[in-house]
Amino acid sequence: MKVFWIIVVVVLLFSCNANTDNSTQSKDSVIYTTSRISEIRETVNPSAVKTYDETIKSFETTDYFKVSLFETKQTFKYLIKISYKNLNEEDTLNVPNFGEVPEVEIKKGDKRPSCIVGFVDGSKQFRESKLIYFEDGILKIHVLKHYGVFAKEKT
């Protein structure tokens, strides 16, 4: 009888120690096995890939808030150009490599004027990256989320 309980305890210890892949992933994690995409673009499109425009009217003036995304020589890096009133600024957007040509997107934000810059992932879901807005005459760029991709080896 003693041998039986020792075997049960050993089996329970080994089963409790089993490593599962789901325990280390957060709710928002996405894993893809990716094929190799070149890190350098052969041709860079000089025109904006995506643009967001918003007209801000007041009693005295009408101002235009504009955010545009441009390709760079690096395949997974985009240049963000922001203009509002007399201010012209730039920032960058890094898109994870999902094994496909990156698809970027700009959506309307909650604040006025504002927008959310992000990308479309491998399962065609919009993933927000940066919130761009003006508050009290100051440009603010708030990083909403950081993303990364890793390739899981087949075993």
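The table below gives the values:
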{"quantity": "Fewest-first ranking of Ile116, Ile40, using other Cβ atoms within 10 Å as the exposure measure", "calculated": "Ile40, Ile116"}
{"quantity": "Residue order, fewest to most surrounding Cβ atoms within 10 angstrom, among Arg112, Arg41", "calculated": "Arg112, Arg41"}
{"quantity": "The range 38-155: relative contact order as a whole-number percent, Cα under 8 Å and 6+ apart", "calculated": "16 percent"}
{"quantity": "Over 25 Å (Cα to Cα) - which of Lys81/Lys130; Lys111/Lys145; Lys81/Lys140; Lys73/Lys108; Lys73/Lys111 fall in this group", "calculated": "Lys73/Lys108; Lys73/Lys111"}
{"quantity": "Residues Ile138, Ile37, Ile106, Ile132, sorted so that the one with the fewest Cβ neighbours within 10 Å comes first", "calculated": "Ile138, Ile37, Ile106, Ile132"}
{"quantity": "Residues in the range 70-102 reached by a label modelled at Glu60 [backbone nitrogen below 12 Å; 7 Å Cα→Cβ]", "calculated": "none"}
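Rule-based calculations on the coordinates, nothing more; no lab input. Keep in mind that this is a model prediction, so the values were computed, not measured. No Cβ is skipped: glycine too gets one built from the backbone with ideal geometry, and neighbour counts run over all protein chains shown.
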